[in-house]
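Enquirer: Shown below is the structure under consideration.
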Amino acid sequence: MDLKRKIGQLIVAGFEGTTVTEEIRELITKYHVGNIILFERNCKNPKQVFELTKKLQKIAIESNGVPLFISIDQENGMVARMYSGVTHFPGNMAQGAADNLDYSYKIGRYTGEGLNALGINFNLAPSLDVNNNPKNPVIGVRSFGDIPEKVADLGCETIKGMQDAGIIATAKHFPGHGDTEVDSHLGLPIVNHGKERLSSVELYPFKKAVEAGVKAIMTAHIVFPAYEKENIPATLSSNILKGLLRDELKFDGLIITDCMEMKAIDDNFTSEEAAPMAVKAGADLICISHTFEKQAGSIKRIYEKVNAGEIPMEVIDDRVNRILKAKSNLNYKNFIEKEYVDIKNQMDKEEHLLLAKEASEKSITLMKNDKVIPLNGKNILVISPKVKVITGVEGKREDLNFGKILRESLPQLDICNYEIPMEPSDEVIDGLSEKCGGYDTVILCTVNGSIFKKQLNLAKKLRGEERNIILIVMRNPYDFTELSWVDGCLMSYEYTKNSVNSLIKVLKGEIKAEGRLPVNLQ
């Protein structure tokens with residue numbers, strides 16, 4: 001394998017579209033890119049994804065003689081790339097509330113089986129971040145909770161399940177993205193804790209994942225002064241990738257970077273200059289998710305740095321050997337000989353759907369109930385936010401309207417439904433406070449109200465002795481801290497079809513809310 005082909009094996013590239021484009025074909029055939037990342041923009045339905053991955057693998061094998069890692073962020077819950085035609089399981093914090101190791105193993109296993117059938121062999125999940133900062137704008141419910149031991153236990157079961165299904169699982173975001181107030185898609189966070197604290201909290205789940213045999217770990221674009229005195233993020237730090245992850249934690253699997261086009265990297269270093277820095281620091285796979293020019297430019301810069309002697313050839317060989325060793329276990333020949341009809345029955349299997357439903361129901365958490373749940377009001381006003389994309393990692397998701405679905409489920413009740421923006425204006429807040437006068441019960445749904453404060457302002461404006469207020473917290477659980485005066489409160493940790501159906505069952509009295517709060521609200 002010549003140098004250009006070796007460098008191509010280090011790159012994970014994304015592209016636009018649901019079919020093979022000229023750009024991605026050129027990246028594979030001319031630049032010898034050896035790995036692909038899929039996003040929502042690439043995934044229309046299972047049959048289309050199957051045909052896409054099969055075509056990409058054939059092009060790669062014909063051009064380079066090596067199969068592709070085809071990766072995806074199928075975390076479940078609020079972060080997934082595929083919704084249509086595949087089972088959508090509860091996300092990490094909902095699993096933390098259900099607190100069932102068997103659920104987490106099976107969710108990992110069933111997610112992996114579905115991806116594997118579609119030719120996706122590398123899942124960029126689960127997040128092992130310990131979400132102990134209520135102001136964290138990007139992790140939140142993507143975490144199993146704020147107790148390191150629980151994050152480790154549930155995360156390791158998920159990893160075992162995925163890898164038992166034949167795909168590579170990825171523990172992320174090393175050394176830990178839980179205690180930040182900056183989204184690394186938008187800026188460069190700093191975590192100032194000392195080594196002792198990092199070891200017992202942030203690093204704990206990653207240590208356990210290494211012991212459990214996780215095959216890949218994703219780096220965080222975060223500065224950790226305890227390990228790196230220079231103002232550079234973990235992704236570019238040999239002290240963290242080699243000194244901490246390889247030497248101290250004894251991890252011998254694949255190190256993959258978070259996307260190098262995120263602003264934490266691109267604004268401070270540029271993707272093209274940071275790519276060789278990451279290779280030199282210890283990363284095996286460099287993820288460049290979006291822009292052809294940045295992908296081609298990064299490959300060129302790595303090539304130039306090797307030729308200039310700034311990156312020794314043995315470094316490139318070390319990275320490539322690790323990648324090829326992992327690829328030797330891929331069952332790609334069997335996959336590319338199949339037709340979609342051969343794997344169609346592995347999509348939305350009955351046992352998968354039942355598990356998703358059961359785990360969702362077990363996650364719903366009752367925080368407070370002054371005899372208002374199950375619903376006993378006759379005139380009910382439901383207010384729910386129209387959810388927009390909150391973080392750089394999310395797709396558009398399902399378009400859900402909780403009030404509309406509740407009204408259809410309880411036609412015997414007088415239910416009025418209002419959908420509001422994530423940040424309602426003062427005019428909307430004043431208008432709703434006037435409208436709620438004729439209702440004996442108001443159900444207010446919030447989505448990250450602790451960050452989008454106007455949702456909480458609305459709740460406070462609705463407060464009144466003449467009506468019952470039920471709060472439904474549909475994402476980060478911290479909204480309840482400022483609204484503990486409500487008459488009733490349920491938490492679902494996500495706004496998905498399964499969580500909406502589970503909430504309605506609790507409100508109707510068909511099931512009890514048995515979930516346990518996975519974070520400390522004090």
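The values are calculated or read from the model by the stated rules, or taken from the named source; none is laboratory data. What you are looking at is a predicted structure, and each value in this text was computed from that prediction instead of being measured. With ideal geometry, Cβ positions are generated from the backbone for all residues, glycine too; neighbour counts draw on all protein chains shown. Heavy atoms of the whole protein, side chains included, go into the accessibility calculation; ligands, DNA and RNA do not. Shrake-Rupley method; radii C 1.70, N 1.55, O 1.52, S 1.80 Å.
Enquirer: Acidic (Asp, Glu), modelled with pLDDT of 95 or more and open to solvent by 10 Å² or more (accessible area, probe 1.4 Å), is that true of GLU23?
Expert: On the way: acidic (Asp, Glu): yes; modelled with pLDDT of 95 or more: yes; open to solvent by 10 Å² or more (accessible area, probe 1.4 Å): yes.
When the stated conditions are applied, GLU23 passes them.
Enquirer: Something else about it: Of everything in the range 365-380, what is farther than 20 Å from SER409 by Cα and surrounded by fewer than 18 Cβ atoms within 10 Å (Cβ to Cβ)? Give them in sequence order.
Expert: Residues satisfying the conditions are LEU366, LYS368, ASN369, ASP370, LYS371.
Enquirer: Regarding the range 229-240, can at least one residue be identified that is of a type in the set (S, T, N, Q), surrounded by fewer than 18 Cβ atoms within 10 Å (Cβ to Cβ) and part of a loop (DSSP other than H, G, I, E, B)?
Expert: yes
Enquirer: Next question. Could you tell me which of the residues HIS193, HIS221 is of a type outside the set (D, E, K, R) and in contact with a Cys (Cβ under 9 Å, 6 or more places away or on another chain)?
Expert: Values: HIS193 fails: in contact with a Cys (Cβ under 9 Å, 6 or more places away or on another chain).
Just a single option satisfies the conditions, and that option is HIS221.
Enquirer: So which of LYS362, LYS327, LYS349, LYS333 is of a type outside the set (Val, Ile, Thr), at negative phi, open to solvent by 20 Å² or more (accessible area, probe 1.4 Å) and at pLDDT 95 or above? Spell out how you get there, then give the answer.
Expert: Values: LYS327 fails: open to solvent by 20 Å² or more (accessible area, probe 1.4 Å); LYS349 fails: at pLDDT 95 or above; LYS333 fails: at pLDDT 95 or above.
Selected residue: LYS362, the only one of LYS362, LYS327, LYS349, LYS333 that is of a type outside the set (Val, Ile, Thr), at negative phi, open to solvent by 20 Å² or more (accessible area, probe 1.4 Å) and at pLDDT 95 or above.
Enquirer: I've got another one for you. Pick from the range 72-117 the residues that are crowded, with 21+ Cβ neighbours inside 10 Å, of a type in the set (S, T, N, Q) and more than 14 Å from the chain's Cα centre (by Cα): which of them is nearest to GLN48 (Cα to Cα)?
Expert: THR87
Enquirer: Determine if the range 244-258 includes at least one residue that is polar (S, T, N, Q) and assigned to a loop (DSSP other than H, G, I, E, B). So that I can check it myself, show each step before the final result.
Expert: Here is the first cut: in the range 244-258, the ones polar (S, T, N, Q) are 257.
Still in the running and assigned to a loop (DSSP other than H, G, I, E, B): none.
Checked against the condition, which is being polar (S, T, N, Q) and assigned to a loop (DSSP other than H, G, I, E, B), the range 244-258 yields no hits at all.
Enquirer: Same structure again: Going through LYS242, LYS172 one at a time, which residue ends up being among the basic types (Lys, Arg), more than 26 Å from THR111 (Cβ to Cβ) and touching a residue at least 12 places away in the same chain (Cβ under 8 Å)? Give the derivation first.
Expert: Numbers: LYS172 fails: more than 26 Å from THR111 (Cβ to Cβ).
Among LYS242, LYS172, only LYS242 is among the basic types (Lys, Arg), more than 26 Å from THR111 (Cβ to Cβ) and touching a residue at least 12 places away in the same chain (Cβ under 8 Å).
Enquirer: Cβ-Cβ under 8 Å, sequence separation 6+ or interchain: first residue in the range 28-52 and under 24 Å from THR170 (Cα atoms) and in a loop (DSSP other than H, G, I, E, B), partner open to solvent by 10 Å² or more (accessible area, probe 1.4 Å) and of a type in the set (A, V, I, L, M). Which pairs?
Expert: The qualifying pairs are VAL33/ILE299; GLY34/VAL66.
Enquirer: Kindly indicate whether any position in the range 393-406 is under 33 Å from the mean Cα position of the chain (by Cα), modelled with pLDDT under 90, surrounded by fewer than 21 Cβ atoms within 10 Å (Cβ to Cβ) and basic (Lys, Arg). Spell out how you get there, then give the answer.
Expert: Kept after step one, since they are under 33 Å from the mean Cα position of the chain (by Cα), are these residues of the range 393-406: 393-406.
Applying the additional criterion that residues be modelled with pLDDT under 90 yields 393-400.
Narrowing further to those that are surrounded by fewer than 21 Cβ atoms within 10 Å (Cβ to Cβ): 394-400.
Filter once more, keeping what is basic (Lys, Arg): 396-397.
Yes, the range 393-406 has at least one match.
Enquirer: Assuming ILE415 fulfils every condition listed in (1) at pLDDT 90 or above; (2) more than 18 Å from VAL506 (Cβ to Cβ); (3) of a type in the set (A, V, I, L, M) apart from one, which condition is it?
Expert: Every listed condition holds for ILE415 apart from (2).
Enquirer: Given the condition of a type in the set (Val, Ile, Thr) and open to solvent by 30 Å² or more (accessible area, probe 1.4 Å), answer yes or no: does some residue in the range 477-491 qualify?
Expert: So in the range 477-491, the residues of a type in the set (Val, Ile, Thr) come out as 481, 486.
Applying the additional criterion that residues be open to solvent by 30 Å² or more (accessible area, probe 1.4 Å) yields 481.
So far as the range 477-491 goes, yes, one or more of its residues are of a type in the set (Val, Ile, Thr) and open to solvent by 30 Å² or more (accessible area, probe 1.4 Å).
Enquirer: Here is a follow-up. Among the residues of the range 424-441, what is the count of those that are of a type outside the set (Gly, Ala, Ser) and under 11 Å from LEU458 (Cα atoms)? Working first, answer last.
Expert: Initially, the range 424-441 is screened for residues of a type outside the set (Gly, Ala, Ser), giving 424, 426-430, 432, 434-436, 439-441.
Then drop every residue that is not under 11 Å from LEU458 (Cα atoms), which leaves 424, 426-430, 432.
The number of residues fulfilling the criteria is 7.
Enquirer: Take the range 153-204 and flag every residue that is farther than 22 Å from GLY96 by Cα, small (Gly, Ala, Ser) and surrounded by 20 or more Cβ atoms within 10 Å (Cβ to Cβ).
Expert: SER184
Enquirer: Which number in (1) open to solvent by 20 Å² or more (accessible area, probe 1.4 Å); (2) small (Gly, Ala, Ser); (3) in contact with a Cys (Cβ under 9 Å, 6 or more places away or on another chain) marks the one condition that SER271 misses?
Expert: With (1) open to solvent by 20 Å² or more (accessible area, probe 1.4 Å); (2) small (Gly, Ala, Ser); (3) in contact with a Cys (Cβ under 9 Å, 6 or more places away or on another chain) applied to SER271, the lone miss is (1).
Enquirer: What residue, of LYS435, LYS453, is open to solvent by 20 Å² or more (accessible area, probe 1.4 Å), touching a strand residue (DSSP E or B) at 6+ places or on another chain (Cβ under 9 Å) and of a type outside the set (Val, Ile, Thr)? Steps first, please.
Expert: Values: LYS453 fails: touching a strand residue (DSSP E or B) at 6+ places or on another chain (Cβ under 9 Å).
Matching residue, one of LYS435, LYS453: LYS435.
Enquirer: Moving to a separate point now. Is it true that ASN321 is under 27 Å from the mean Cα position of the chain (by Cα) and either of a type in the set (Ser, Thr, Tyr) or in a helix (DSSP H, G or I) (or both)?
Expert: Numbers: under 27 Å from the mean Cα position of the chain (by Cα): no; either of a type in the set (Ser, Thr, Tyr) or in a helix (DSSP H, G or I) (or both): yes.
No: the conditions fail for ASN321.
Enquirer: Which of (1) of a type outside the set (Val, Ile, Thr); (2) under 16 Å from the mean Cα position of the chain (by Cα); (3) open to solvent by 10 Å² or more (accessible area, probe 1.4 Å) does PRO126 not meet, given it meets every other one?
Expert: Single failed check for PRO126: (3).
Enquirer: Among the listed residues LYS250, LYS300, which satisfies the condition of being open to solvent by 10 Å² or more (accessible area, probe 1.4 Å), farther than 26 Å from ARG25 by Cβ and at pLDDT 95 or above? First the steps, then the outcome.
Expert: Numbers: LYS300 fails: farther than 26 Å from ARG25 by Cβ.
Just a single option satisfies the conditions, and that option is LYS250.
Enquirer: Out of all the residues in the range 282-296, which are touching a strand residue (DSSP E or B) at 6+ places or on another chain (Cβ under 9 Å) and part of a helix (DSSP H, G or I)?
Expert: PHE292, LYS294, GLN295, listed by residue number.
Enquirer: For residues in the range 1-20 being closer than 22 Å to LEU124 by Cβ and in a loop (DSSP other than H, G, I, E, B), which is most open to solvent (accessible area, probe 1.4 Å)? Show your work before the answer.
Expert: Residues of the range 1-20 that are closer than 22 Å to LEU124 by Cβ, as a first pass: 7-18, 20.
Those left that are additionally in a loop (DSSP other than H, G, I, E, B): 10, 14-18, 20.
On the way: LEU10: 0, GLY14: 2, PHE15: 7, GLU16: 117, GLY17: 26, THR18: 45, VAL20: 34 Å².
Checked the range 1-20; the qualifying residue most open to solvent (accessible area, probe 1.4 Å) is GLU16.
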